[in-house]
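Visitor: My questions will all concern the structure given below.
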Amino acid sequence: MSEIATPYIASKTTLKRSAEDLRSQIPGWGADLDPADRPSYPRENPGIETGAHWDFPERQPEKWPRERSVEHAFLPPVFGTSTPPAGVSGAVRKHAYKYSEGRAAHWLLLIAADRIDAWEHHLRSFASLRPDNPVTETGVLSEFSRGGLRSRFGQKRADVNHQWIDPIIVGGPWALAAGALAAVAFRTLRKRRRA
Amino acid sequence: MRAMVYRGPYKVRVEEKDIPKIEHPNDAIVRVTTGAICGSDLHLYHGMMPDTRVGMTFGHEFVGVVEQVGPSVERLKPGDRVMVPFNVYCGSCYFCSRGLYSNCHNVNPNATAVGGIYGYSHTCGGYDGGQAEFARVPFADVGPGLIPDWMDEEDAVLLTDALPTGYFGAQLGDIVEGDTVVVFGAGPVGLFAAKSAWLMGAGRVIVIDHLEYRLEKARSFAHAETFNFTEYDDIVVHLKKETDYLGADVVIDAVGAEADGNFLQHVTSSKLKLQGGSPIALNWAIDSVRKGGTVSVVGAYGPMFSAVKFGDAMNKGLTLRMNQCPVKRQWPRLFEHIRNGYLKPSDIVTHRIPLEHIAEGYHIFSAKLDNIIKPLVVAGQP
Ligand SMILES: NC(=O)c1ccc[n+]([C@@H]2O[C@H](COP(=O)([O-])OP(=O)(O)OC[C@H]3O[C@@H](n4cnc5c(N)ncnc54)[C@H](O)[C@@H]3O)[C@@H](O)[C@H]2O)c1
Ligand SMILES: [Zn+2]
Ligand SMILES: [Zn+2]
């Protein structure tokens, strides 16, 4: 490096390793030096062969009113059919799709609906044969079998400072719900005893 | 069939589900033999991606065997071994016909800004994914490809997303011979981006992360110089010093929405969902690239706004390039590189998790336990 750092003068400092060094030390070095060998160059390649044998695809049947972005001219011909909107979260989602993707309301409503959806399902699961189990579903037991402590401490990890929030996000609402339930039970018991 | 399903943030389980059906004449049903968990799946798992519904099956990296095909399918038949790009795309819309497969306009009713992705929320089209015994694969004549006889199944599954994405990220950098390339993130995508930068003639490749074991892999697998950002007061200043105060010619963001390194940015996005993503790595990229340089973004961000340092990008005259990867466009050239021995994608696989244990797989990958880099999901009994 020169006495005057690179950006203050015209010439660029020469690299430590020459092209010959690099070619001999690194497998494949320079194989794609020519942009023409790079598959996504240029970005657009009009008329690229894709395998499609239609101008516009046939339309997949719409088995329930499929929510769609108002920025679409019509319902696209093919779409996913996972988990149709249902319940309160479904109503919020349908409402969210009234706003374009350019509006914060669209995304904030969808995020809110996601939280409602999770609670609708947790509650419903308690009336089912397979209630949600926060221990098995979070996979948290792998902390013991896969070195939870060893992986985190004595390392220089930057994410340990917020990982303590995760159990609160996951467990907090469960603890609150359990607390509320206990409080209600306690009060009803007390009332009964007084009566 | 058995399938992973999402139960809410940080919670997934395996359930019995109906085998998917042909819903369109060009659909195929694929029996999944190997899948994977991607860094992108963590954004869903943490509840960051709007319209992620309870009951959805994730998984956009999978290979398998064709079980059934729709009446208009010409190129595949039952029994074929196929690899399926993470993009769902039609091959004929304005965007596909120009090679922008990840920006297809015919497959995602829920949003126009993003194409279709298997198992990636309704915002990406509402398709169930491949962390299951079977998956519906639309446009069977367009997306999936036959796995060549010489290719290992584990290499094939990495060709459905992680490798092409890293390779594409290096291309977006428009690297010229001798360029200094900095890659933020030493996950699967960053490792492949660093490796690919050499193919394009980089003179120096530097990888930044905070996980020592991943930086170790960046040195051994991608021949990169590495820095752990937690060891420096300010990684941007350190990178300036490393480049004689010029800045790097090209910087690649292979971190995305859940970047660490700034508590406030991370918590407001990853935990509180007030931002589309935590732009720490992106801002570091903008500040550590040289004026007139290029920032390539393959790290994924949510559709909401993020606190990006746009003024610096403007004042520095940067070129910002980014996209979801059009996977199949990368294949022919990547196949050559693999055959020539330049790349062995499965070198980064660290964990093979049975589908039945996928909840633990998500936790290990999310919390970065047990030196995990790339977890595959394997079919079969627990
Ligand atoms: N564009 C696409 O087509 C596409 C495809 C696949 C994945 N992705 C995205 O690429 C990103 C990486 O995917 P992955 O599978 O490698 O995930 P990953 O989670 O395994 O890797 C991310 C890495 O970034 C590191 N990191 C966190 N904060 C950092 C910071 N400030 N500076 C440097 N490193 C930091 C983490 O420690 C981790 O090693 C994700 O955002 C994913 O969604 C995009
Ligand atoms: Zn992915
Ligand atoms: Zn298309």
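The values are calculated or read from the model by the stated rules, or taken from the named source; none is laboratory data. Predicted model only: the values in this text are computed from it and were never measured. No Cβ is skipped: glycine too gets one built from the backbone with ideal geometry, and neighbour counts run over all protein chains shown. Only protein heavy atoms, including side chains, enter the accessible area calculation; ligands, DNA and RNA are left aside. Shrake-Rupley method; radii C 1.70, N 1.55, O 1.52, S 1.80 Å.
Visitor: Heavy atoms only, probe 1.4 Å: what % of the accessible area of chain A goes to carbon and sulfur, would you let me know?
Guide: Values: 7480 of 12230 Å².
Roughly 61 percent, rounded to a whole number.
Visitor: Moving to a separate point now. For chains A and B, what's the summed buried accessible area, probe 1.4 Å, to the nearest 100 square angstrom?
Guide: In total, this chain pair buries about 9100 Å².
Visitor: Taking 7 Å along the Cα-to-C-beta vector as the label spot, tell me the residue B:263-residue A:55 distance in nanometres, rounded to one decimal.
Guide: 6.2
Visitor: Another question, then. Return the distance in nm (one decimal) between the two label points of a simple spin-label model at residue A:161 and residue B:149, each offset 7 Å from Cα along Cα→Cβ.
Guide: With each label point 7 Å from Cα toward Cβ, the separation is 5.7 nm.
Visitor: Before anything else, pin down the relative contact order of chain A: Cα pairs under 8 Å, at least 6 apart, normalised by residue count, whole percent.
Guide: Contact order relative to length: 9 percent.
Visitor: Separate question: Rg and Dmax of the stretch A:1-58, Cα atoms, in Å?
Guide: Rg then Dmax for the stretch A:1-58, in Å: 21.1, 67.
Visitor: If you don't mind, another one. What shape does the stretch B:162-322 have by the C-alpha gyration tensor, where a ≥ b ≥ c are the square roots of the eigenvalues, rounded means a/c under 1.5, and otherwise prolate means a/b greater than b/c and oblate the rest?
Guide: Verdict is rounded for the stretch B:162-322.
Visitor: Continuing with this model, one more query. Please count, across the stretch B:162-322, the pairs of lysine residues with Cα atoms under 27 Å apart that sit 8 or more places apart or on different chains.
Guide: Within the stretch B:162-322, the lysine pair count is 16.
Visitor: Then there's this: Please enumerate, by chain and number, the aspartates and glutamates with C-alpha under 16 Å from the C-alpha of residue B:17, excluding those fewer than 8 residues away in the same chain.
Guide: Straight-distance partners of residue B:17: B:128, B:133, B:356.
Visitor: When Cβ neighbours within 10 Å are restricted to other protein chains, what is their mean count per residue of peptide B:291-301?
Guide: On the way: counts 1, 0, 0, 0, 0, 0, 0, 0, 0, 0, 0.
Across B:291-301, the average partner-chain Cβ count within 10 Å equals 0.
Visitor: Also, quick follow-up: How much length is gained if the chain between residue A:91 and residue A:126 is pulled fully straight, taking 0.36 nm per residue apart and subtracting their Cα-Cα distance, in nm to one decimal?
Guide: Numbers: separation 35, 0.36 × 35 = 12.60 nm, distance 2.25 nm.
10.4 nm is the gain from fully extending residue A:91 to residue A:126.
Visitor: For residue B:308, what charge total do you get from the other residues with a beta carbon under 13 Å from its beta carbon, if Lys and Arg give +1 and Asp and Glu give -1?
Guide: Combined, the nearby Lys, Arg, Asp and Glu give -2.
Visitor: Another question, then. Place the peptides A:63-70, A:29-36, B:216-223 in order of packing, highest mean first, counting for every residue the other Cβ atoms within 10 Å and averaging per peptide.
Guide: Numbers: A:63-70: 14.5, A:29-36: 16.6, B:216-223: 18.8.
Top to bottom by mean Cβ count within 10 Å: B:216-223, A:29-36, A:63-70.
Visitor: Give me a single rounded figure for B:85-92: the average over its residues of other chain Cβ atoms within 10 Å of their Cβ.
Guide: 4
Visitor: For a protection proxy built on the mean count of beta-carbon atoms within 10 angstrom, sort B:127-136, B:326-335, A:6-15 highest first, please.
Guide: B:127-136, B:326-335, A:6-15
Visitor: Next up: Around residue A:139, under 11 Å between beta carbons, what's the net of Lys plus Arg minus Asp minus Glu among the other residues?
Guide: Combined, the nearby Lys, Arg, Asp and Glu give 0.
Visitor: Calculate how steeply helix A:104-126 sits against the longest principal axis of the alpha-carbon atoms of chain A, using the helix alpha-carbon long axis, and give the answer as 0 to 90 degrees to the nearest 10.
Guide: 50
Visitor: Note down the net charge around residue B:255, summing +1 for each Lys or Arg and -1 for each Asp or Glu among other residues with Cβ under 14 Å from its Cβ.
Guide: -3
Visitor: List the lysines whose Cα sits under 27 Å from the Cα of residue B:21, skipping any in the same chain fewer than 8 residues away.
Guide: Those lysines meeting the cut-off are A:63, A:94, B:11, B:77, B:328.
Visitor: Taking 7 Å along the Cα-to-C-beta vector as the label spot, tell me the residue B:75-residue B:233 distance in nanometres, rounded to one decimal.
Guide: 5.6
Visitor: Can you tell me the relative contact order of the stretch B:246-382? Whole percent, Cα pairs under 8 Å, sequence separation 6 or more.
Guide: Computed value for the stretch B:246-382: 19 percent relative contact order.
Visitor: How high is the relative contact order of chain B, given as a whole-number percent (alpha carbon pairs under 8 Å, six or more residues apart)?
Guide: Reported as a whole number, the value is 16 percent.
Visitor: Taking the Cα atoms only, what angle lies between the long axis of helix B:188-199 and the longest principal axis of chain B, rounded to 10 degrees?
Guide: The angle comes out near 70 degrees.
Visitor: May I pose another question? Give me a single rounded figure for A:130-138: the average over its residues of other chain Cβ atoms within 10 Å of their Cβ. Mind dumping the intermediate values first?
Guide: Working: counts 3, 0, 5, 4, 4, 1, 6, 12, 11.
Rounded to a whole number, the mean comes out at 5.
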